[in-house]
Amino acid sequence: MYHNNNHTCNLQIKDCGPEPMITNIDRMTKINSNYRTALWTGDHLQVTLMCIPVGGSIGLEMHEDTDQFIRIEDGYALVKMGKCKDNLDCQQRVNGNFAFVIPACIWHNIVNIGRTPLKLYSIYAPPKHPFGTVHRTKEEAECTEKHK
């Protein structure tokens, strides 16, 4: 089965994995208003859409067994990374069209420093969140993560 998300509104964005999918990732990322929405989850890879509110962040984190690719589609962010959570020595201000890779075991945070919601998509390998994940807010995401 083939899934085409080009004509999907925000209320209908759903996880289409592991079926093949062709989509306008820029459009899907920009219409997502949830903190996190899984767009595609397979056995070895996951694509999530994120919307970080003004002044918000993903919070300092590190994934022991997951590499991550992130692309900013809209907004302004401060990206922080480092091998030690007390020394995030790789920092850069970025805007739309910037991408960055976070290898496993690297501490990182992304802070929205703009005046509008930060819109990005993230690719995890292997998947980080359960199939169909939708977190409306960061608080909801944190609560769900604690109960795993």
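Taken per residue, the accessible surface of the chain reaches 55 Å², heavy atoms only and a 1.4 Å probe. With 0.36 nm allotted per residue and the present C-alpha distance subtracted, the Gln12-Lys85 stretch has 22.6 nm of extension available.
For region 108-122, backbone phi angles converted through the Karplus equation (6.51, -1.76, 1.60; θ = phi - 60°) give residue-by-residue couplings of 7, 8, 10, 10, 6, 10, x, 9, 9, x, 8, 10, 8, 10, 10 Hz, Gly and Pro being listed as x.
Listed options for percent of Cα pairs over 25 Å apart are (1) 19; (2) 23; (3) 30. The value calculated from this structure is the one marked (2).
Amide hydrogen proximity for Leu39: with H placed 1.01 Å from N in the peptide plane, the residues at 5 or more positions away or on another chain lying under 5 Å are Val47, Thr48, Leu49. Spin-label pair Glu19-Glu142: with each label point 7 Å from Cα along the Cα-Cβ axis, the two points sit 3.6 nm from one another. Among Thr133, Thr48, Thr37, the residue with the largest mean-square fluctuation in a Gaussian network model of the chain, with springs joining Cα atoms closer than 10 Å, is Thr133. How large a share of the accessible area of the chain, in percent, is made up of carbon and sulfur atoms when the probe is 1.4 Å and the other protein chains stay in place? Roughly 53 percent, rounded to a whole number. At q = 0.18, 0.22 Å⁻¹ the log10 of I(q)/I(0) for region 10-87 amounts to -0.88, -1.20, computed by Debye summation with a single uniform scatterer per C-alpha, solvent ignored.
Spatially close Lys pairs in the chain, defined by Cα atoms under 16 Å apart and a spacing of eight or more places or different chains, total 8. Between Arg27 and His44, residue separation times 0.36 nm minus the direct Cα-Cα distance comes to 3.7 nm.
For His108, what is the net charge nearby, where nearby means another residue's Cβ is under 9 Å from its Cβ and Lys, Arg count +1, Asp, Glu -1? My count for the surroundings of His108 gives 0. Calculated [222 nm] ellipticity per residue, helices only, for the chain: -3000 deg cm²/dmol; basis is -39500 (n - 2.57) per DSSP H run with n ≥ 4, divided by all residues, nearest 500.
The values are calculated or read from the model by the stated rules, or taken from the named source; none is laboratory data. The structure presented is a predicted model; accordingly, all values stated were derived computationally and were not measured. Here the Cβ is made from the backbone with ideal geometry for all residues, glycine too, and neighbour counts use every protein chain on show. For the accessible areas, the whole protein counts, side chains as well, though only heavy atoms, and no ligand, DNA or RNA atoms are used. Shrake-Rupley method; radii C 1.70, N 1.55, O 1.52, S 1.80 Å.
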